[in-house]
Amino acid sequence: MNHLAEYIVALLVSVILMGSLFVFHKFWAKTTKTYWVRIVIITWMLVVQISFYVTQDIFNKAKPSTFMYWELCNILAWTSIFLMIFPTKLQLDFFMPLAIIGPGLTIFVPVGEGYSFSSFWYYQFYLGHLITLFAYFYIYLFGYTKSQFNWTMIRRSYTFAFFLLTFVMIWNMAYVPNGHNPLEPVPSGESSGSYWGPNYIFGQIINNMGLGYLSLLVQYFLMILVFGPVLLIVSWIILYFTRPIYANCGTEKIKFNLCEDILDVKTIFTKQNLKTICKNLIAKIKV
């Protein structure tokens, strides 16, 4: 792996910053009384997005490989800016699981050659994804909205993900290179990485799994029926164990016991206790 040191540093910084939200939650709760954290996030994310859009010529229709750039992390980056200005429960319900999937996978599962410490794009890439993830958790954990992991979030996030993936696949099919049939697999000898053109979202996941040679229609159904649900379930599990720490914009600490309120683990495991655990888990999800 190229640039291993850069990746390790980025990974450590990510773990430390995200972990600080839980370990030093009192400090972050105090910051909710001011606007400086959100201003810093907005400023950096604007630098990240504007620099990327200018250098990649995103709005140039003559460059279909980057035109509009419907990658998940790009969408989340812009929505994180709006979240800092107008935090809403609806946006968190839609995007919170996706914020874990997109930036989370990008940071912890590196692809490509990466960048060196001396390159601006190293900081643009890693800090852009990290601050996007941080922004969502900051609003979620410290009670800026009443959003929490429950059945409503599951329904909304799944429905939104379905429509987003459907829209992006229609876009991908509309911008395949001339002469390439999206209903047929990649011909032998062709590169699956470039054959389908931009192939937003799907290319990042399907192609990196070695399945980029499949037709776009097959890729769509694989994502909708297999990979998408699996990734969403993983994000839901993470959200189940990382519940909001404060309510009312960091002014009210939410009291809970890790064993009783999160895991429902009793001191003695009996048949009756296991039944109670299952009932409580189902009840918590449906709240």
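H25: surrounded by 11 or more Cβ atoms within 10 Å (Cβ to Cβ) and more than 21 Å from T106 (Cα to Cα), yes or no? Talk me through it step by step, then tell me what you get.
Working: surrounded by 11 or more Cβ atoms within 10 Å (Cβ to Cβ): yes; more than 21 Å from T106 (Cα to Cα): yes.
When the stated conditions are applied, H25 passes them.
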Practice task
State whether the residues of the stretch 62-73 include one that is part of a helix (DSSP H, G or I) and either touching a helix residue (DSSP H, G or I) at 6+ places or on another chain (Cβ under 8 Å) or not assigned by TED's automatic domain parsing to the domain that holds I154 (or both).
Solution key: yes
Problem - Residue that is surrounded by the fewest Cβ atoms within 10 Å (Cβ to Cβ) [pool: residues in the stretch 76-104 that are out of contact with any Leu (no Cβ under 8 Å at 6 or more places or on another chain) and aliphatic (A, V, I, L, M)] - result: I85
Fill in the blank from the handout: When the stretch 197-212 is checked residue by residue, the ones that are assigned to a loop (DSSP other than H, G, I, E, B) and buried (at least 19 other Cβ atoms within 10 Å of the Cβ) are G197, P198, N199, Y200, I201, G212
Practice task
Taking V230 as the residue in question, decide whether it is under 21 Å from I154 (Cα atoms) and either in contact (Cβ under 8 Å) with a residue 60 or more places away in the chain or of a type in the set (V, I, T) (or both).
Solution key: yes
Exercise for the section: Identify, by number, the condition in (1) part of a loop (DSSP other than H, G, I, E, B); (2) modelled with pLDDT of 95 or more that W44 doesn't meet. Expected result: (1)
Fill in the blank from the handout: For the stretch 178-205, pairs from a residue that is of a type in the set (D, E, K, R) to a residue that is modelled with pLDDT of 90 or more, with Cβ under 7 Å and 6 or more apart or across chains, are E184/S215
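The values are calculated or read from the model by the stated rules, or taken from the named source; none is laboratory data. Treat the numbers as computed from the prediction; the structure is a model and nothing was measured. Neighbour counts are summed over all protein chains in view; Cβ atoms, including those assigned to glycine, are modelled from backbone coordinates with ideal geometry.
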